[in-house]
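Below: the structure, in structure tokens.
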Amino acid sequence: MILVVAESIESQNAKLTCFEDNKKMFESFEVNLGEGGLGFGIGKKSLIRVVNEPVKKEGDKKAPIGIFELESVFGYKEKMDIKMPYLHAEKELICVDDPNSRYYNQIIKMPKDMPKSFEVMKRDDNQYELGVVVAHNKVQLEGAGSCIFMHVQKDKNSPTLGCTSMSMQDLQKIVSWLDIEKKPTLIQVTKKQLHQVLELYPNLELEQKIEE
């Protein structure tokens, strides 16, 4: 389990902690979140949203709040010796962020019927040199947000367009540890939702203060 906890719904950064069998695996570290803060996303389990708290939408630059499966790893290297499915981010590989496309929120090779909007997975910078696919909005609900990853940060304190970014060193540590057979999960919340996390995972050794 990867637990990312932000101070508030407006936060552009957070603390990330890795757990296995409810115990902390590594030292926690800071990560960057969306320029627009956070909004409730669509994951494998729903968290309770208070009225007026934002919902994640396409293009809002918000990182999703929720509990999400971690599906695969991607990167610029042709192959990696890891325990996760791996996608080689070659130049034909794209992630579709066009809500009107049948390929919405999918990572695919460029099709004949190209979507109007998409991300190229082989970028000119190193932000996608290594990354983890977060299974947000797997149901492909139109306009609910797409192409959510954990990836290499642009700069130490640079917010993202909705992803969770960190240093290459920290990301490599996570990728080497992840194992698809152990059903890896990202839980991304603010301190306000931490009590909900503890209700679902009561034996988790949390260090963060829980807000009432």
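The values are calculated or read from the model by the stated rules, or taken from the named source; none is laboratory data. Because the structure is predicted, anything quoted here is derived from the model rather than measured. Glycine gets a Cβ as well: all are built from the backbone with ideal geometry, and neighbour counts include every protein chain shown.
Points worth noting:
- Listed conditions (1) more than 27 Å from residue 51 (Cα to Cα); (2) free of Cβ contacts under 8 Å to residues at least 12 places away in the same chain; (3) not in a helix (DSSP H, G or I) are all met by residue 202, apart from (1).
- Residue check, residue 81 surrounded by fewer than 21 Cβ atoms within 10 Å (Cβ to Cβ), within 19 Å of residue 70 (Cα to Cα) and touching a residue at least 60 places away in the same chain (Cβ under 8 Å): no
- Search result, residues across the stretch 98-140 that are under 19 Å from residue 70 (Cα atoms) and either among the charged types (D, E, K, R) or out of contact with any strand residue (DSSP E or B) (no Cβ under 9 Å at 6 or more places or on another chain) (or both): 129, 138, 139, 140
- Number of positions in the stretch 58-78 that are closer than 20 Å to residue 124 by Cα and buried (at least 21 other Cβ atoms within 10 Å of the Cβ): 3
- Counting only strands (runs of 3 or more DSSP E) that sit completely within the stretch 1-89, those holding 1 or more residues that are over 19 Å from residue 119 (Cβ atoms) and at pLDDT 95 or above correspond to 2-6, 13-20, 29-32, 38-40, 63-75.
- Subset of the stretch 15-65 that is hydroxyl-bearing (Ser, Thr, Tyr) and touching a Ser or Thr at 6+ places or on another chain (Cβ under 9 Å) - its residue that is farthest from residue 1 (Cα to Cα): 28
- Those residues of the stretch 29-54 which are touching a residue at least 12 places away in the same chain (Cβ under 8 Å) and on the phi > 0 side of the Ramachandran plot, in sequence order: 37
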